[in-house]
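Some notes on the structure that comes next.
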Amino acid sequence: VSFVIAKITAICPISLLKRISDLLRWQYKDSSLNLPWKLNTLPIFTDSSPLYHTLQRPQPLSAQEESDLELAHQRLLKLCQKCAQYNVPLTIDAEDTSIQPAIDYFTYSSAIMYNKDDNPIVYGTMQAYLKDARERLFNTARTAEKLGIPMGFKLVRGAYMSSETKLASSLGFDSPVHNTIQDTHACFNDCASFMIEKIADGYGGLVLATHNLESGKLAASKARNLGIEKGNQKLEFAQLYGMSEALSFGLRNAGFQVSKYLPYGPVDMVMPYLLRRAEENRGLLSTSSLDRTLMGKELKRRLKSLQFAKPEMAASAAGSMKIEIGTP
């Protein structure tokens, strides 16, 4: 296991995450707001970040809410402690912008405690389909580096396009999501390039969670050009289990670390997650088609090679081929 993935929504009530996000947003707009429960953290917002979710000054957390917040912190710290004990990085998944500030707060406050000595244990997730993603990543990573905190990030495209646009429109604001898929691709590739350069300089860690062949090739080429050695644990690619096998095996054969992401849980909770992944990966069907095409070419190559083999060799190869066909 190269990474453990956790969702803050599993350890903290969503209603409380919304309250924390409201207070963090308001404090960004009004620095005089005092949040007595707030721990040290890294930059969460930039001037381009969506703040329209909080249009009025929120009430302070109640005593019960502060108690629930402390319980959530303790749950996360237990995960961090176990991951630090076994030296397995913990990646915190991203959610929609209504609660993402609270998730970033949990992530960064934990990273300050556990990311030491060029060894990022806690990784945050950046969603490249957000217009402020590039600026937030650059700002957070540079601040962490100045403070001597090795920060790791998982980079994804994002999976709440419809709901984000609908909410912003209902409040009279522009969508926080890039206007075109090309803009999202460009943001993803820029963020990947920035972090790969940091890794080449010996700082931080990066998981590139992508099913996009072009992004995979660009990142791999950049890493090679900067001299990032094969097997470097600070750079990893990731695809969902059963998807983009051609990309996964191609990267692995080139010497890069590759993970297959395996979500699990009750069907009613996992299916919405997988549907969001399908929406996030508009090229999903074409990628699956490429996997099938490449697999078909390989089967044809093996069958063709049998025609020129000796009879006893052909019989043996046919038997082994039957097993290998079932393996994918």
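With every protein chain kept in place and ligands, DNA and RNA left out, what is the accessible area per residue of the range 4-302? Probe 1.4 Å, answer in Å².
The answer is 48 Å² per residue.
For the range 195-256, go through all pairs of different Cα atoms, get the mean of 1/r, take its inverse, and jot down that Kirkwood value in Å.
When all Cα pairs of the range 195-256 are included, the Kirkwood radius is 11.7 Å.
How far is helix 284-307 tilted off the main Cα axis of the chain, in degrees rounded to 10, range 0 to 90?
20
Find the Cα radius of gyration of the range 1-118, compare it with 2.2 N^0.38 Å by division, and give the number to two decimals. Please report the intermediate quantities before stating the final value.
On the way: Rg = 14.5 Å, N = 118, 2.2 N^0.38 = 13.5 Å.
Normalised Cα radius of gyration, the range 1-118: 1.07.
Hey, what number do you get for the chain at 222 nm if only DSSP H runs of n ≥ 4 count, each worth -39500 (n - 2.57), divided across all residues, to the nearest 500?
-17500 deg cm²/dmol
Heavy atoms only, probe 1.4 angstrom, no DNA, RNA or ligands counted: give me Arg224, Arg136, Arg276 ranked by accessible area, highest first. Provide the component values of the computation, followed by the final result.
Numbers: Arg224 85, Arg136 20, Arg276 55 Å².
Descending accessible area places them as Arg224, Arg276, Arg136.
Rolling a 1.4 angstrom probe over the protein chains, ignoring ligands and nucleic acids, what is the accessible area of Val88 in square angstrom, nearest 10?
Accessible surface of Val88 is approximately 30 Å².
Going by amide H atoms built from the backbone, whose H comes under 5 Å of the H on Leu240, apart from near neighbours?
Result for Leu240 returns Tyr261.
Could you run the Debye sum over the Cα atoms of the chain, one equal point scatterer each and no solvent, and tell me log10 of I(q)/I(0) at q = 0.15 Å⁻¹, two decimals?
Scattering profile of the chain, log10 relative to I(0): -1.30.
What's the FRET efficiency of Lys29 with Ser170 using the Cβ-Cβ distance as r and R₀ = 25 Å, to the nearest 0.05?
Approximately 0.75, to the nearest 0.05.
Give me the angle, in degrees from 0 to 90, between the Cα long axis of helix 14-29 and the longest principal axis of the Cα atoms of the chain, rounded to the nearest 10.
With rounding to tens, the tilt is 60 degrees.
Calculate how steeply helix 100-114 sits against the longest principal axis of the alpha-carbon atoms of the chain, using the helix alpha-carbon long axis, and give the answer as 0 to 90 degrees to the nearest 10.
Once rounded, one gets 80 degrees.
Under a GNM of the chain (C-alpha, springs under 10 Å), which listed residue has the highest mean-square fluctuation: Gln64, Gln127, Gln74?
Gln64
Students often check this: by mean Cβ neighbours within 10 Å, which of 110-119, 237-246, 18-27 ranks highest, and how do the rest follow?
In decreasing order of mean packing, 110-119, 237-246, 18-27 become 18-27, 237-246, 110-119.
Please figure out what share of the DSSP beta bridges in the chain is antiparallel and state it in percent, rounded to the nearest 5. Display every interim value, and only then the final one.
Details: 2 of 25 bridges.
Here the antiparallel bridges make up roughly 10 percent for the chain.
The values are calculated or read from the model by the stated rules, or taken from the named source; none is laboratory data. Model, not experiment: these values are computed from the prediction. So basically every Cβ, Gly included, is an ideal-geometry build from the backbone, and we count neighbours across all protein chains shown. Protein only, heavy atoms only, side chains kept; ligands, DNA and RNA dropped before computing areas. Shrake-Rupley method; radii C 1.70, N 1.55, O 1.52, S 1.80 Å.
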